[in-house]
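Asker: The structure follows.
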Amino acid sequence: QNLVRKVSDHGDPLNLLFPSGAHIWLSQCAGMWERAEKQGCGTTPSDDFLAFLDKEPRALTAFHVIETRQPPRRLALTPTHLLFVADNASAPATQFRPTFASHVQPGHFVLVAVGSGGLQPAEVVGVRGRTDVGAYAPLTRHGTLVVDDVVASCFALVREQQLAQMAFWPLRLYHSLLGGPGVQGDGVHWYSGLLYRLGRMLLPPDSFHPLGVPRAQS
């Protein structure tokens with residue numbers, strides 16, 4: 001059973017993009033943090049994947065590369081993407097907070113996959129920039145996924161993980177009723193674009209990453 005999939009094998013996602021060729025493990029844990037503390041988190045191949053919130057296979061994209069040690073991991077993602085971070089290694093998994101990738105610094109801790117689906121904290125030791133061609137943002141049923149062995153959110157631009165998860169409930173229901181993802185073209189998913197426009201009208205500007213706020217208002 002092939003549990004690891006490359007993002008370039010799929011089709012379409014919001015501005016939370018991972019580079020083409022990144023290996024994604026799709027989380028099947030509804031109560032991911034609670035279960036991670038007790039028994040680790042399992043993975044599943046494609047049944048957790050719903051759609052791409054954004055898909056830019058030919059776009060030259062700027063990424064933040066976040067490196068850890070003990071264990072060593074390396075994750076590339078766009079600055080607006082959410083990553084789960086804590087200030088120390090002793091923090092329980094439920095207290096790892098969603099943080100924009102551009103705000104992650106050396107000394108922070110992220111959750112990484114180890115062994116047969118378990119999770120453990122790893123210290124960030126380096127953050128650097130990189131550009132690459134191709135970027136993808138998958139949506140899963142539970143709003144989380146493991147990319148290159150690092151736990152990340154499916155969401156970007158807005159810092160509230162739970163709010164984003166609730167906002168995408170209609171899209172998750174739609175794909176559940178259809179029985180799986182369909183073929184999507186390149187670019188931002190129409191539902192992601194709709195939510196972003198609604199959010200800009202309803203939420204305060206500081207709810208968004210600065211890169212998601214128009215220059216006229218920043």
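The values are calculated or read from the model by the stated rules, or taken from the named source; none is laboratory data. Here the structure is a predicted model, which means the values were calculated and not measured. Counting neighbours? That spans all protein chains shown, and the Cβs are built from the backbone with ideal geometry, glycine included.
Asker: When the residues of segment 96-116 are filtered to those that are of a type in the set (Phe, Trp, Tyr) and either outside any loop (DSSP other than H, G, I, E, B) or in contact with a Lys or Arg (Cβ under 6 Å, 6 or more places away or on another chain) (or both), which remaining residue is surrounded by the fewest Cβ atoms within 10 Å (Cβ to Cβ)?
Answerer: Across segment 96-116, the extreme among qualifying residues is Phe109.
Asker: Are any of the residues in segment 125-135 modelled with pLDDT under 85 and either among the aromatic types (Phe, Trp, Tyr) or over 20 Å from Phe52 (Cα atoms) (or both)?
Answerer: No, every residue in segment 125-135 fails to be modelled with pLDDT under 85 and either among the aromatic types (Phe, Trp, Tyr) or over 20 Å from Phe52 (Cα atoms) (or both).
Asker: Does Arg172 qualify as being within 15 Å of Leu75 (Cβ to Cβ) and surrounded by fewer than 22 Cβ atoms within 10 Å (Cβ to Cβ)?
Answerer: In short, no.
Asker: Please verify whether segment 128-136 includes one or more residues that are over 23 Å from Leu203 (Cβ atoms), of a type in the set (A, V, I, L, M, F, W, C), touching a Gly at 6+ places or on another chain (Cβ under 7 Å) and in a strand (DSSP E or B).
Answerer: Scanning segment 128-136 turns up no residue that is over 23 Å from Leu203 (Cβ atoms), of a type in the set (A, V, I, L, M, F, W, C), touching a Gly at 6+ places or on another chain (Cβ under 7 Å) and in a strand (DSSP E or B).
Asker: Do any strands (runs of 3 or more DSSP E) lying entirely in segment 1-95 carry at least 2 residues that are at pLDDT 50 or above, under 25 Å from Tyr196 (Cβ atoms) and touching a helix residue (DSSP H, G or I) at 6+ places or on another chain (Cβ under 6 Å), and which ones are they?
Answerer: Because the criterion is at least 2 residues that are at pLDDT 50 or above, under 25 Å from Tyr196 (Cβ atoms) and touching a helix residue (DSSP H, G or I) at 6+ places or on another chain (Cβ under 6 Å), the strands (runs of 3 or more DSSP E) in segment 1-95 that meet it are 49-69, 81-86.
Asker: Follow-up question, since we're still on this one. Name every residue in segment 96-119 that is under 16 Å from Gln70 (Cα atoms) and at pLDDT 90 or above, in order of residue number.
Answerer: Of everything in segment 96-119, those that are under 16 Å from Gln70 (Cα atoms) and at pLDDT 90 or above turn out to be Pro106, Gly107, His108, Phe109, Val110, Leu111, Val112.
Asker: I'm told Ala93 meets every condition in (1) surrounded by 15 or more Cβ atoms within 10 Å (Cβ to Cβ); (2) within 30 Å of Gly187 (Cα to Cα) except one. Can you identify the failing condition by its number?
Answerer: (2)
Asker: Quick check, is Leu119 in a strand (DSSP E or B) and within 16 Å of Cys154 (Cβ to Cβ)?
Answerer: Considered against the rule, which asks whether it is in a strand (DSSP E or B) and within 16 Å of Cys154 (Cβ to Cβ), Leu119 comes out as no.
Asker: Okay, next question. Among (1) exposed (fewer than 10 other Cβ atoms within 10 Å of the Cβ); (2) farther than 17 Å from Lys55 by Cβ, there is one condition Leu178 misses while meeting the rest; what is its number?
Answerer: In the conditions (1) exposed (fewer than 10 other Cβ atoms within 10 Å of the Cβ); (2) farther than 17 Å from Lys55 by Cβ, Leu178 misses (1) alone.
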